[in-house]
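Q: My questions will all concern the structure given below.
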Amino acid sequence: MSAACVCISGATHGIGYGIAEAFARAGARLVINAERPDSQALSRLKELTECHFVQADLSTVAGARKFIDEAHAKLGRLDTLVNNAGTFQDVDFMDVEEAQFAKTFDLNVKGYLFAAQAFARHVGNDQENASIVCVGSTNSKAAEKNSVIYDSSKGAILMLVRSLAVSLADRGIRANGIGPGIVETPLTKAGLDGDGVRQTLRQQIPLGRIGLPHDIGGAAVFLASTQASYITGQMLYIDGGITANQMSWESLS
């Protein structure tokens, strides 16, 4: 991964930052993105590698293209795009409104698609091992009550990964996805801190713990590496065994 040029959306905290840190430690040159600047994240990554920041709203086509175009200008080339910027709008199904649906799909799906399109336009014919990694979720395999908008968006990402793999293969671009399970991030911390929530979740995760952002980073580096040069169209679930597990007949108390 030495000297690879990698751009990562939504990378100033949580899973995105964990991925950026893993690429930095692998020697990649980085461009990170967020809708708002975060000087602390940028400074920490600059201690590890060359790193730049592009402020852009990935829920818009213009923002997605700006991110990729400026990342290419800063690094001179792009080898890997990590689509990570995302949101969730968890409400009771009967209370779902159009604006919530649009906000989620604009960032979680539209942003991924148009960032991938812009990335593909910058990949040269002589490049080897260009790739896209999309961060999805275990929610693309199993639904969560009253999470219909988020679940649907992550299901769309699963198919987007497969479609990109087929559509971009003749350009020499691989496309794969990562499906995190329950990971503690700034977005999930409030829910995890609810009364008894952590213990309830740990009892249902075969490995017995909630994931951390650094658990995701290594998989992204692998999928972008030459070691994965024959892997495309796949979603790698990183969930402590959640999706492998049936309901238990044993008491959880």
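Q: Just to be sure I understand, how many residues within the stretch 48-77 are assigned to a loop (DSSP other than H, G, I, E, B), under 25 Å from residue 153 (Cβ atoms) and touching a strand residue (DSSP E or B) at 6+ places or on another chain (Cβ under 9 Å)?
A: Initial filter on the stretch 48-77 (assigned to a loop (DSSP other than H, G, I, E, B)): 48-50, 56-60, 76-77.
Adding the requirement that they be under 25 Å from residue 153 (Cβ atoms) leaves 56-60.
Next, from what is left, pick out any that are touching a strand residue (DSSP E or B) at 6+ places or on another chain (Cβ under 9 Å): 56, 58.
So the count comes out to 2.
Q: A further question follows. Which of the residues that make up the stretch 214-253 are assigned to a loop (DSSP other than H, G, I, E, B) and either at pLDDT 95 or above or on the phi > 0 side of the Ramachandran plot (or both)?
A: 225, 229, 230, 231, 232, 233, 234, 239, 240, 241 - these are the residues of the stretch 214-253 that are assigned to a loop (DSSP other than H, G, I, E, B) and either at pLDDT 95 or above or on the phi > 0 side of the Ramachandran plot (or both).
Q: Same structure, new question: If residue 96 meets every condition in (1) aliphatic (A, V, I, L, M); (2) in contact (Cβ under 8 Å) with a residue 12 or more places away in the chain; (3) within 18 Å of residue 115 (Cβ to Cβ) apart from one, which number is that one?
A: Of everything listed in (1) aliphatic (A, V, I, L, M); (2) in contact (Cβ under 8 Å) with a residue 12 or more places away in the chain; (3) within 18 Å of residue 115 (Cβ to Cβ), residue 96 misses just condition (3).
Q: Filter the stretch 25-77 down to the residues that are acidic (Asp, Glu) and crowded, with 18+ Cβ neighbours inside 10 Å, then identify the one that is nearest to residue 130 (Cα to Cα).
A: Only one residue fits best here, namely 70.
Q: Go through (1) part of a helix (DSSP H, G or I); (2) of a type in the set (A, V, I, L, M); (3) over 17 Å from the mean Cα position of the chain (by Cα); (4) over 21 Å from residue 87 (Cα atoms) one by one and return the number of the condition residue 207 breaks.
A: (1)
Q: Right, here's the next one. Counting only residues that are closer than 30 Å to residue 202 by Cα, touching an Asp or Glu at 6+ places or on another chain (Cβ under 8 Å) and of a type outside the set (A, V, I, L, M), how many does the stretch 142-183 have?
A: Qualifying residue count, the stretch 142-183: 8.
Q: Now a separate question. Restricting to the stretch 118-144, give me the number of residues that are out of contact with any strand residue (DSSP E or B) (no Cβ under 6 Å at 6 or more places or on another chain), more than 29 Å from residue 90 (Cα to Cα) and not small (Gly, Ala, Ser).
A: Qualifying residue count for the region: 7.
Q: Something else about it: Take the residues in the stretch 104-139 that are in a strand (DSSP E or B) and either within 22 Å of residue 77 (Cβ to Cβ) or among the charged types (D, E, K, R) (or both), then tell me which one is nearest to the chain's Cα centre (by Cα). Show your work before the answer.
A: Looking only at the stretch 104-139, we keep the residues that are in a strand (DSSP E or B), and these are 130-135.
Going one step further and asking which of them are either within 22 Å of residue 77 (Cβ to Cβ) or among the charged types (D, E, K, R) (or both), we end up with 130-134.
Values: 130: 17, 131: 14, 132: 10, 133: 7, 134: 5 Å.
The residue in question is 134.
Q: Any chance the stretch 95-103 includes a residue that's closer than 21 Å to residue 221 by Cα and either buried (at least 18 other Cβ atoms within 10 Å of the Cβ) or in contact with a Ser or Thr (Cβ under 8 Å, 6 or more places away or on another chain) (or both)?
A: Looking for residues that are closer than 21 Å to residue 221 by Cα and either buried (at least 18 other Cβ atoms within 10 Å of the Cβ) or in contact with a Ser or Thr (Cβ under 8 Å, 6 or more places away or on another chain) (or both), one finds none in the stretch 95-103, hence no.
Q: List every residue pair whose Cβ atoms sit under 6 Å apart, with the two residues 6 or more apart in sequence or on different chains, where the first one lies in the stretch 192-218 and is farther than 13 Å from residue 181 by Cα and the second, anywhere, is at pLDDT below 90 and not polar (S, T, N, Q).
A: Going by the 6 Å Cβ cut-off, the qualifying pairs are 203/252.
Q: Being within 21 Å of residue 243 (Cβ to Cβ) and among the small types (Gly, Ala, Ser) is the filter here; which residues of the stretch 184-211 pass it?
A: 191, 208, 211
Q: Please work out if residue 149 is of a type in the set (A, V, I, L, M) and not in a helix (DSSP H, G or I).
A: Taking the combined requirement at face value, the residue does not satisfy it.
Q: Name the single residue that is nearest to the chain's Cα centre (by Cα) among those in the stretch 156-183 being buried (at least 18 other Cβ atoms within 10 Å of the Cβ) and in a loop (DSSP other than H, G, I, E, B).
A: Filtering first and then ranking leaves 181.
Q: Scanning the stretch 78-103 for residues that are in a helix (DSSP H, G or I) and of a type outside the set (Lys, Arg), which turns out farthest from residue 36 (Cα to Cα)?
A: The residue in question is 94.
The values are calculated or read from the model by the stated rules, or taken from the named source; none is laboratory data. Just so it is clear, the model here is predicted, and its values are computed rather than measured. A quick note on method: Cβ atoms are made from the backbone with ideal geometry, for glycine too, and the neighbour counts reach across all protein chains shown.
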